[in-house]
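**Student:** Structure below; questions to follow.
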Amino acid sequence: MIADGSEGDGMAEERGLTVEAIISALSEVYDPEYPISIVDLGLIRGVEIDGGVVRVKLTFTSLGCPCTELICDDIRARLSRIGGVKRVEIEEVFDRWDASAISRKGREVLRNLGVI
Amino acid sequence: MERDWMEDDAALAAIVNLIVVLADNKYYLGRRLSEWVVGAPSLEGAVAAAALAQEELGHARVLYPLLEELPFPGRPSPLERGNGRHRRYAVSFVVEPWSSWVHAVAGLALIDPAINTMFEHLTDSTYVALARRAARILQEESFHSEYAEGRVRELAETSEGRCALQSCVDGLLPEMLLWFGPQHEPGVEALRREGLIAGENEVWRQRYLNRVAPLLLEVGLRLPAHLSWNRTRSAWEYEALPWEDWDQLERRLRRKAKL
């Protein structure tokens, strides 16, 4: 699911396309199973901007994750709402993932839910 | 340069075959395990079967797309999502539904380690896209190995379980020895020449036996195919394998193993 953006897309456009703006937008894309963003979950492994093309490098918690397509769709949908983004390219990079990749904020959320 | 080896026709054909063999075995292993999600002997077993099936299918998911990026005419299509295909590049043990939970344990204990043996020799492949997937798959497979070993030990605690497991081992292990191919297989030589894979047929087979045979012996099972450890040579020895019954392209027995 995609959380409502806390900043308007116009603001992102005013600042121009930056990696920080992209990461901020990705922080609003949530894991479909837990209320934690894909950034806090440690799935984002890189962001590149080339003109209006945004390239996102992504890994998953498991290669068998049933939500891979859903997460990719949510990323495309959220980033496409940012002014100046013409195309979103997502590359699955197959980096190792384990619980150490979860941010402190993410750990807190999952701890409150009794997941970790 | 990653692209150079693609101009080597023999290596390209061999890597396409290797990828579809690995992917098909993963796919069928996942399919077979998923059928035991509601038939495992315990709730824990059922949950584990679901997790294992999901991961095996996930491994197939990331392997099949490699076929599409390789410039090889007539390359096999993925089996996912009900896509039919005449050739099935998987061991005979997994292409038909399993009749008991013991088959699921045998599949996990004897097929998964064979596939992992190949991935271990692919982590430094000059085909980087495959190498990255191999490393990630191996990370996830450590749980599978632990689970399989636990279930083998559990089954072997009773004479009935041990007998059923022995039957599966007798039928499946000889096919897995064939699966690594005859020594100096031309396709493998092409893969080695291009740095696409490490090791060779007999090295893989010995590595596989080092992984699976000690556990089978420890729990009181007999090794088929006159398998034995030669201390002088520090190697496993076995009887002549029935290569005439083995399909080298699909890497499976032409007749289904009798279990």
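The values are calculated or read from the model by the stated rules, or taken from the named source; none is laboratory data. These numbers come from a predicted model, not from an experiment. Glycine also receives a Cβ, built like all others from the backbone with ideal geometry; neighbour counts cover every protein chain displayed. Ligands, DNA and RNA are excluded from the accessible area calculation, which covers all protein heavy atoms including side chains. Shrake-Rupley method; radii C 1.70, N 1.55, O 1.52, S 1.80 Å.
**Student:** Among the residues that make up segment B:123-132, is at least one of them more than 14 Å from chain A (Cβ to nearest Cβ) and at pLDDT 95 or above?
**Tutor:** Within segment B:123-132, one or more residues are more than 14 Å from chain A (Cβ to nearest Cβ) and at pLDDT 95 or above.
This table checks each residue for (1) without any contact (Cβ under 8 Å) to a residue 24 or more places away in the chain; (2) of a type in the set (A, V, I, L, M, F, W, C).
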residue: B:Ala13; (1), (2): no, yes
residue: B:Ile19; (1), (2): no, yes
residue: B:Trp36; (1), (2): no, yes
residue: B:Val47; (1), (2): yes, yes
residue: B:Arg61; (1), (2): yes, no
residue: B:Arg88; (1), (2): no, no
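**Student:** Return the residues of segment B:133-164 that are away from every other protein chain (no Cβ under 14 Å) and either within 28 Å of A:Arg96 (Cβ to Cβ) or within 16 Å of the chain's Cα centre (by Cα) (or both); say none if nothing qualifies.
**Tutor:** The answer is B:Ser145, B:Glu146, B:Tyr147, B:Ala148, B:Glu149, B:Gly150, B:Arg151, B:Val152.
**Student:** State which residue is farthest from B:Leu172 (Cα to Cα) when the search covers only segment B:63-79 and only residues that are within 13 Å of chain A (Cβ to nearest Cβ) and either in contact with a strand residue (DSSP E or B) (Cβ under 8 Å, 6 or more places away or on another chain) or free of Cβ contacts under 8 Å to residues at least 60 places away in the same chain (or both).
**Tutor:** Once the filter is applied, the top-ranked residue is B:Pro65.
**Student:** Which one of these does B:Pro224 not meet: (1) outside any loop (DSSP other than H, G, I, E, B); (2) closer than 28 Å to B:Glu154 by Cα; (3) of a type outside the set (A, V, I, L, M)?
**Tutor:** If we test B:Pro224 against (1) outside any loop (DSSP other than H, G, I, E, B); (2) closer than 28 Å to B:Glu154 by Cα; (3) of a type outside the set (A, V, I, L, M), just (1) comes out false.
**Student:** Do we find a residue being touching a Leu at 6+ places or on another chain (Cβ under 8 Å), assigned to a loop (DSSP other than H, G, I, E, B), over 17 Å from B:Glu175 (Cβ atoms) and hydroxyl-bearing (Ser, Thr, Tyr) anywhere in segment B:82-97?
**Tutor:** no
**Student:** Could you please tell me which pairs satisfy a Cβ distance under 8 Å, a separation of 6+ or placement on different chains, a first residue in segment B:239-255 that is among the aliphatic types (A, V, I, L, M), and a second residue that is open to solvent by 80 Å² or more (accessible area, probe 1.4 Å)?
**Tutor:** Going by the 8 Å Cβ cut-off, the qualifying pairs are B:Leu249/B:Arg87.
**Student:** Please enumerate the residues belonging to segment B:92-107 that are within 20 Å of B:Gln54 (Cα to Cα) and open to solvent by less than 10 Å² (accessible area, probe 1.4 Å).
**Tutor:** Hits for segment B:92-107 are B:Phe93, B:Val94, B:Ala104, B:Val105, B:Ala106, B:Gly107.
**Student:** Read through the list (1) at negative phi; (2) surrounded by fewer than 18 Cβ atoms within 10 Å (Cβ to Cβ), then give the number of the only condition that A:Phe60 fails.
**Tutor:** Of (1) at negative phi; (2) surrounded by fewer than 18 Cβ atoms within 10 Å (Cβ to Cβ), only one is false for A:Phe60: (2).
**Student:** Please go through segment A:68-90 and give me each residue that is touching a residue at least 24 places away in the same chain (Cβ under 8 Å) and either at positive phi or within 11 Å of chain B (Cβ to nearest Cβ) (or both), ordered by number. Full working, then the answer.
**Tutor:** Our first condition is that a residue be touching a residue at least 24 places away in the same chain (Cβ under 8 Å); within segment A:68-90, this holds for A:68, A:70-71, A:74-75, A:77-79, A:81-90.
Hits for segment A:68-90 are A:Thr68, A:Gly84.
**Student:** While we're on this one: Going residue by residue through segment A:64-76, is there one that turns out to be closer than 26 Å to B:Ser142 by Cβ and in a helix (DSSP H, G or I)? Quick ask: steps written out before the conclusion?
**Tutor:** Residues of segment A:64-76 that are closer than 26 Å to B:Ser142 by Cβ, as a first pass: A:64-68, A:71.
If we keep only those that are in a helix (DSSP H, G or I) as well, we get A:68, A:71.
Yes, that holds for at least one residue.
**Student:** Determine which member of the set B:Ala50, B:Ala60, B:Ala10, B:Ala23 is among the aliphatic types (A, V, I, L, M), within 14 Å of chain A (Cβ to nearest Cβ), assigned to a helix (DSSP H, G or I) and open to solvent by 30 Å² or more (accessible area, probe 1.4 Å).
**Tutor:** B:Ala50
**Student:** If you don't mind, another one. Inspect all residues belonging to segment A:44-65 and state whether any of them is of a type in the set (D, E, K, R), in contact (Cβ under 8 Å) with a residue 40 or more places away in the chain and more than 14 Å from chain B (Cβ to nearest Cβ).
**Tutor:** So far as segment A:44-65 goes, no, none of its residues is of a type in the set (D, E, K, R), in contact (Cβ under 8 Å) with a residue 40 or more places away in the chain and more than 14 Å from chain B (Cβ to nearest Cβ).
**Student:** What is the residue count in segment B:119-128 for residues that are open to solvent by less than 10 Å² (accessible area, probe 1.4 Å) and in a helix (DSSP H, G or I)?
**Tutor:** 1
**Student:** Going through segment A:38-57 one residue at a time, which ones are surrounded by fewer than 21 Cβ atoms within 10 Å (Cβ to Cβ) and under 25 Å from A:Arg104 (Cα atoms)?
**Tutor:** A:Val39, A:Gly42, A:Arg45, A:Gly46, A:Val47, A:Glu48, A:Lys57 - these are the residues of segment A:38-57 that are surrounded by fewer than 21 Cβ atoms within 10 Å (Cβ to Cβ) and under 25 Å from A:Arg104 (Cα atoms).
**Student:** On to the next question. Using the structure shown, decide if B:Ala109 is over 30 Å from A:Val93 (Cβ atoms), among the aliphatic types (A, V, I, L, M) and out of contact with any strand residue (DSSP E or B) (no Cβ under 7 Å at 6 or more places or on another chain).
**Tutor:** yes
**Student:** Could you identify the single residue in B:Glu140, B:Glu160 that is open to solvent by 50 Å² or more (accessible area, probe 1.4 Å) and in a helix (DSSP H, G or I)?
**Tutor:** B:Glu160
**Student:** While we're looking at this one, here's another question. Of a type in the set (A, V, I, L, M, F, W, C), modelled with pLDDT under 95, within 27 Å of B:Arg136 (Cα to Cα) and open to solvent by less than 60 Å² (accessible area, probe 1.4 Å): is that true of A:Cys72 in this structure?
**Tutor:** Considered against the rule, which asks whether it is of a type in the set (A, V, I, L, M, F, W, C), modelled with pLDDT under 95, within 27 Å of B:Arg136 (Cα to Cα) and open to solvent by less than 60 Å² (accessible area, probe 1.4 Å), A:Cys72 comes out as no.
**Student:** Anything in segment B:98-118 that is part of a helix (DSSP H, G or I) and either among the aromatic types (Phe, Trp, Tyr) or over 15 Å from the mean Cα position of the chain (by Cα) (or both)? List them, or say none. I'd like the intermediate steps shown before the answer.
**Tutor:** Filtering segment B:98-118 for residues part of a helix (DSSP H, G or I) gives B:101-110, B:112-118.
Answer for segment B:98-118, where residues must be part of a helix (DSSP H, G or I) and either among the aromatic types (Phe, Trp, Tyr) or over 15 Å from the mean Cα position of the chain (by Cα) (or both): B:Trp101, B:Val102.
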